[in-house]
Amino acid sequence: MSIKEKASTKEFPEIKEYHATSCGIFFKRKKLLCTKNSPYQKIEVFENEYFGRILILDGLVQTTERDEFFYHEMLVHPAFVAHPLPQNILIIGGGDGGGLKEILCYPIEQVYLVEIDPLVVEVSKKYFPWLLPSLKDKRSKLLIADGREFLKETDRKFDVVIVDSSDPVGPSLPLHEKDFFEDLKNCLNPEGVVVTQLGSPLYHLDSITKKNIFLKKLFKLVFFYLAPVPTYPGGSWCFAFLSDKVGPFAIKRNPPSGLKYFNLEIHQAAFALPAFMRSVLCKT
Ligand code: SAM
């Protein structure tokens, strides 16, 4: 029996995410676990036979049980193996807790999780096994707040800031703009590092290129790196590693044991960019 025939033997409804007007990804929905509307977005969790539980915000895949490790390990570990002493950490967005669980692998002092939507946190606590234990860790501080406003008002300084925002629409839009990154820079300790997700190098190269222009004016060190994320548009995802003092290549510590994707060879390789990215990002 071909894969196509096997797939059609169980008739589950199809959930489609469009990546451009003519293409995208689909999942068979075995079971709908939750659908809620918050003031910020539509939140859905459903079960797929292959990927397990899938969190969708406004129709866009945020995380799946089966492939979350690609994204969350690559969002967090590059900054943590390179920073000399990561102690005070900030995550903006990331209410599903996948980034938080990776950060808590290190002997940090404190991590603030600043998520705008309490319903994302409630739903993720119920359906994704990693969030509740991470929030119970006494080093975690959950703040339900707009990350943009938090940065304007805080006088705290951080060693590592992880921006785990959703796509640049709705409440996430300000997290993709220049003045947000200016405020991010101001809340860093001198050896601080910011990592932000930037989207697909295939579908979002224009917005990555625009950010590159202002990021290079703001930070002395700007590096881009890539990771595979099977359920995100294009299957490959771009991140920026930003700092005034700390580059990614002088390794300060080993990653924790038990990771599924990240290791120090992957770390070095991830910063190698394909020719089509180099030609637009490395000329400025
Ligand atoms: N990288 C993942 C992706 O693009 O699929 C992002 C996952 S995480 C669930 C994104 C989170 O950012 C959401 O829970 C959303 O509520 C939160 N968020 C959006 N705008 C925000 C803001 N202004 N301040 C804090 N959190 C925000």
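Annotations
- Of the trypsin sites (Lys or Arg not before Pro) in the stretch 1-107, those whose Cβ has at most 16 other Cβ within 10 Å and which sit in DSSP loop: Lys10, Lys30, Arg66
- Summing +1 for each Lys or Arg and -1 for each Asp or Glu among the other residues whose beta-carbon sits under 10 angstrom from that of Lys36 gives -1.
- Angle in degrees between helix 68-82 and the longest Cα principal axis of the chain, rounded to the nearest 10: 10
- Legend: residues Asp58, Asp164, Asp155, sorted from most to least accessible area (1.4 Å probe; ligands, DNA and RNA excluded), read Asp155, Asp58, Asp164.
- Convex hull volume per residue for the chain, taking Cα atoms only, in Å³: 139
- The lysine pair count for the stretch 3-64, using Cα distances under 19 Å and pairs eight or more places apart or on different chains, is 15.
- Considering only the stretch 115-254, percent of DSSP beta bridges that pair antiparallel, nearest 5: 70
- Once C-alpha pairs closer than 8 Å and six or more residues apart are averaged by separation and normalised to the residue number of the stretch 68-282, the relative contact order reads 24 percent.
- When the residues Thr63, Thr35, Thr154 are ordered by accessible surface, computed with a 1.4 Å probe over the protein chains alone, the sequence from largest down reads Thr35, Thr154, Thr63.
- Loop trypsin sites (Lys or Arg not before Pro), the stretch 109-152, which have at most 11 other Cβ atoms in a 10 Å radius of their Cβ (DSSP): Lys138
- By DSSP, the beta bridges lying fully in the chain are antiparallel in about 65 percent of cases.
- Within the same chain, aspartates and glutamates fewer than 8 places from Lys245 are excluded, and of the rest, those with a Cα less than 15 Å from its Cα are Asp159, Glu191.
- Sequence of Ser200, Ser166 when ordered by accessible area, the most exposed leading, probe 1.4 angstrom: Ser166, Ser200
- Estimated from the Cβ-Cβ distance and a Förster radius of 30 angstrom, the FRET efficiency linking Ser38 and Lys178 is about 0.60.
- Cα-based shape type of the stretch 3-64, given that a ≥ b ≥ c are square roots of the gyration tensor eigenvalues and the cut on a/c is 1.5: oblate
- Annotation for Ser22 and Asn263: the two label points, set 7 Å from Cα along the Cα-Cβ direction, are 4.1 nm apart.
- Counting 0.36 nm for each residue step from Leu143 to Ala250 and taking away their Cα separation leaves a gain of 35.2 nm.
- The chain: angle of helix 118-127 to the longest principal axis, Cα-based, in degrees nearest 10: 60
- Counting only GluC sites (Glu not before Pro) that DSSP places in a loop and that have at most 12 other Cβ atoms within 10 Å, the longest clean stretch of the chain runs over 110-284.
- Anisotropy class of the stretch 166-284 from Cα gyration tensor, a/c 1.5 cut: rounded
- Given Lys126/Lys210; Lys157/Lys211; Lys138/Lys178, the pairs whose alpha carbons are separated by over 28 Å: Lys126/Lys210; Lys138/Lys178
- Relative contact order (percent, whole number), the stretch 111-236, Cα cutoff 8 Å, 6+ residue spacing: 20
The values are calculated or read from the model by the stated rules, or taken from the named source; none is laboratory data. Every value quoted in this text rests on a predicted model; they were computed, and no experiment measured them. Cβ: placed from backbone, ideal geometry, glycine included. Neighbour counts: every protein chain shown. SASA here: full protein model, heavy atoms, side chains in, ligands and nucleic acids out. Shrake-Rupley method; radii C 1.70, N 1.55, O 1.52, S 1.80 Å.
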